[in-house]
Amino acid sequence: MKYTQIFSKTSKTVPKDEEATNAKLLIRAGFIDKTMAGVYSFLPLGNLVLKKIETIVRDEMDKIGSEILLPAISPKSIWEQTKRLEEIDVMLAVRGANELSRKRNSAEYILNSTHEDVLTPIAQKFLTSYKDFPQAVYQIQTKFRNEPRAKSGLLRGREFRMKDMYSFHTSENDMKNFYESVKKHYLNIFREVGLLNDTVISVASGGDFTKDYSHEFQVKCEAGEDTIYHDPKSDIYYNKEVLPKEHAGFESFKASEVGNIFPLKTKFSDLLKYRYTDEMGEKKPVYMASYGLGTSRLMGVLVEKFHDDKGIIWPVNVSPFMVHMVSLSGEKSSVSSRVEKIYKSLQERGIEVLLDDRDVSAGQKFNDSDLIGVPNRLVVSEKTLDKDSVEIRDRKSGEVRLVKLTKLDKEFIK
């Protein structure tokens, strides 16, 4: 992609109404734009990163479940049946925005913040015999929650992207085994995005989902809103909410929750009278669990973890491009033609390239390259071409080296 084709632009101005580093950098670099508190538009660069994160999540979830897509709105009656209409403190409702609309349809609907209540009645239609179990389905969807304090950029939004998965089982033991396997798949995701070493699984409250403990995937992060305590003797991590008293010898640190999984057991099957038929023809309760992972929040955490005073430093697997190509050709057509040839050659080999083809100073191009944070900056100029080479700078280490054009492909194709 050429820079002049990108819809957005970088900015030197730090947003005054943003407190979080992730929001400041993502807005300045042209990845997102703020619509209102807790609600952001994902611009071309931001959408590329989000899609890469969700591809990593999707690839891992496909190993254990089938992808579906559930509705964003639902009738109140579903939530009344599960007795959660008055229990969930972040639930939002929607109705016609004006009298003209309400004359057409005066109904009020729930804007879904989670989907256990919607999915369980669907499962009742299809999963009826012991032969139908176990089953797991997931979706990646935009969710809506009435957050009272949305001041942390992508770390806490009123509208956000989330992967949620739901599993159905014939026994508590089968549910627990699958529940434990999901933990491993989640850790694989954190490994792929470069966060495994800073991610812990903590014991947390079950909220309105379950009376049992849930488990959170917490990334160590100074900007995080959670405090996590670690018991070095048992090697167990606890969210502060389930550990109200200070414990001598426990270590503590700030963290940001990116995933949360819940052993629902028979909560929803009991409420909805959902039963399956076992081998003996008897009706038995269905066991369930749910598994959430915030994909847009993960993007915010990555920026909080990987940045410096110049801008973002994207991990390779989620970067919008592998190479940020900077041309210093000016008006020299001979250099420009060679730049275009190198650009097309890299693209033909499947290497994702952002070519800064703007007519601006070298300093501005370099500053924007650092701000955007692509792993490799490739500089093409008359000076380097005279040596049949290009200059490559590693965004993370700052290492600069000259690479012969004949060996350029090997730099990015492993």
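The values are calculated or read from the model by the stated rules, or taken from the named source; none is laboratory data. Keep in mind the model is a prediction, meaning the values are calculated, not measured. Cβ sites come from the backbone with ideal geometry, for glycine too, and all protein chains shown count toward neighbours.
Quick notes on this structure:
- Residue match in region 292-305 (condition: polar (S, T, N, Q) and either outside the structural domain of HIS115 (by TED's automatic domain parsing) or under 30 Å from ASP198 (Cβ atoms) (or both)): yes
- Conditions (1) modelled with pLDDT under 95; (2) touching a Leu at 6+ places or on another chain (Cβ under 9 Å); (3) closer than 30 Å to MET299 by Cβ: number failed by GLU251: (2)
- The condition (being within 28 Å of the chain's Cα centre (by Cα) and farther than 20 Å from LEU195 by Cα) is satisfied by just one residue among LYS341, LYS310: LYS310.
- One residue alone among ILE236, ILE313 is aliphatic (A, V, I, L, M) and either farther than 24 Å from SER397 by Cα or crowded, with 24+ Cβ neighbours inside 10 Å (or both), and that residue is ILE236.
- Residues located in region 31-84, provided they are among the hydroxyl-bearing types (Ser, Thr, Tyr) and either crowded, with 17+ Cβ neighbours inside 10 Å or in contact with an Asp or Glu (Cβ under 9 Å, 6 or more places away or on another chain) (or both): THR35, TYR40, SER41, SER74, THR82
- Only one of the numbered conditions (1) assigned to a loop (DSSP other than H, G, I, E, B); (2) farther than 30 Å from VAL303 by Cα is violated by LEU119, and that is (1).
- Helices (runs of 4 or more DSSP H) fully within region 1-102 counting 1 or more residues that are closer than 30 Å to LEU346 by Cα, of a type outside the set (Val, Ile, Thr) and out of contact with any strand residue (DSSP E or B) (no Cβ under 6 Å at 6 or more places or on another chain): 21-28, 44-61
- Condition check for VAL203: surrounded by fewer than 22 Cβ atoms within 10 Å (Cβ to Cβ), touching a Ser or Thr at 6+ places or on another chain (Cβ under 6 Å) and among the aliphatic types (A, V, I, L, M): no
- Qualifying residue in region 379-389 (condition: closer than 16 Å to VAL353 by Cβ and assigned to a strand (DSSP E or B)): yes
- Index of the failed condition, GLY194 passing every other in (1) in a helix (DSSP H, G or I); (2) surrounded by fewer than 18 Cβ atoms within 10 Å (Cβ to Cβ): (1)
- Answer residue from region 10-27, given it is polar (S, T, N, Q) and more than 20 Å from the chain's Cα centre (by Cα) and is modelled with the lowest pLDDT among those: THR13
- The single residue among LEU371, LEU355 that is in contact with a Gly (Cβ under 7 Å, 6 or more places away or on another chain), under 24 Å from LYS52 (Cα atoms) and either surrounded by fewer than 19 Cβ atoms within 10 Å (Cβ to Cβ) or at pLDDT 90 or above (or both) turns out to be LEU371.
- Of all residues in region 221-233, those satisfying the criterion of being under 27 Å from LYS176 (Cα atoms), surrounded by fewer than 17 Cβ atoms within 10 Å (Cβ to Cβ) and among the charged types (D, E, K, R) are ASP231, LYS233.
- Among the candidates VAL326, VAL374, residue that is aliphatic (A, V, I, L, M), in a strand (DSSP E or B) and either more than 25 Å from ARG191 (Cβ to Cβ) or under 27 Å from the mean Cα position of the chain (by Cα) (or both): VAL326
- Filtered residues of region 172-189 (kept if free of Cβ contacts under 8 Å to residues at least 40 places away in the same chain and not charged (D, E, K, R)): ASN173, ASN177, LEU187
- Residue check for ARG84: free of Cβ contacts under 8 Å to residues at least 40 places away in the same chain, over 24 Å from PRO315 (Cβ atoms) and assigned by TED's automatic domain parsing to the domain that holds LEU187: no
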